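Accompanying notes for the structure given below.
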Amino acid sequence: MATHDPTQRAAAELDKLSAAHVRAEERLEQARIPLHEAIIRHLRERSAPPGKLADHTPYDRNHVGRIAKAAEVPPLRGPDAGPPPVYDDATASKAYAELDHFTAAFKRAEAKVEQTRTPLHEAIIRHYTERTLPPGVLADHTPYDRNHVGRLVKAAGAPSIRG
């Protein structure tokens with residue numbers, strides 16, 4: 001049943017946009033998990049140099065190093081390092097191909113998050129500017145807290161409700 005109350009329509013719109021955004025963020029996390037697992041597995045197996053592995057991920061080598069450290073992958077250098085690895089071109093190629101596959105899936109999921117974020121932010125700003133819903137209610141119908149809603153509308157240059 002359609003409603004004619006602007007506040008109910010605004011809340012319903014925000015609920016719909018928020019649900020799509022949250023689903024997209026969940027898919028991004030689902031894409032991140034196998035990517036990180038593959039990074040960790042290839043670092044443990046010494047499939048290829050970490051810097052080269054990083055080239056086939058959306059991360060720089062420093063972030064790949066943080067992922068490795070969090071997973072307690074033994075370092076290549078230092079007092080805890082084992083014997084220097086010997087890399088095989090065929091093994092490295094397979095590792096790169098796998099990481100390229102997971103990176104592509106991750107980037108698609110990341111793009112979907114951005115596609116859902118934009119209309120959500122536009123709706124938040126529009127409803128704030130039109131004074132359809134106050135910041136607290138906007139926050140109730142979005143995945144953001146009231147402070148984040150305030151930062152969004154301020155960054156958009158929306159006039160303050162208090163003024």
Tell me the label-point distance for the pair Gln8, Thr118, using the 7 Å Cα-to-Cβ offset, in nm and rounded to one decimal.
3.2 nm
Calculated [θ] (222 nm, deg cm²/dmol) that DSSP helices of n ≥ 4 give over the chain, each run adding -39,500 (n - 2.57)
-23500 deg cm²/dmol
Reachable lysines, given that their alpha-carbon falls under 27 Å from the alpha-carbon of Lys154 and they are not under 8 places away in the same chain:
Lys16, Lys112
Accessible area per residue, Å², the chain with all protein chains present, probe 1.4 Å
63 Å²
His63 versus Arg77, label points 7 Å from Cα toward the beta carbon: distance in nm?
2.3 nm
Quick one: pull the percent of accessible area on the chain belonging to carbon and sulfur, 1.4 Å probe, ligands and nucleic acids left out.
54 percent
Overall Cα dimensions of the chain, principal axis frame, Å, largest first
69, 34, 22
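The values are calculated or read from the model by the stated rules, or taken from the named source; none is laboratory data. Keep in mind that this is a model prediction, so the values were computed, not measured. Glycine also receives a Cβ, built like all others from the backbone with ideal geometry; neighbour counts cover every protein chain displayed. Keep in mind that these areas ignore ligands, DNA and RNA; they rest on the heavy atoms of the full protein, side chains included. Shrake-Rupley method; radii C 1.70, N 1.55, O 1.52, S 1.80 Å.
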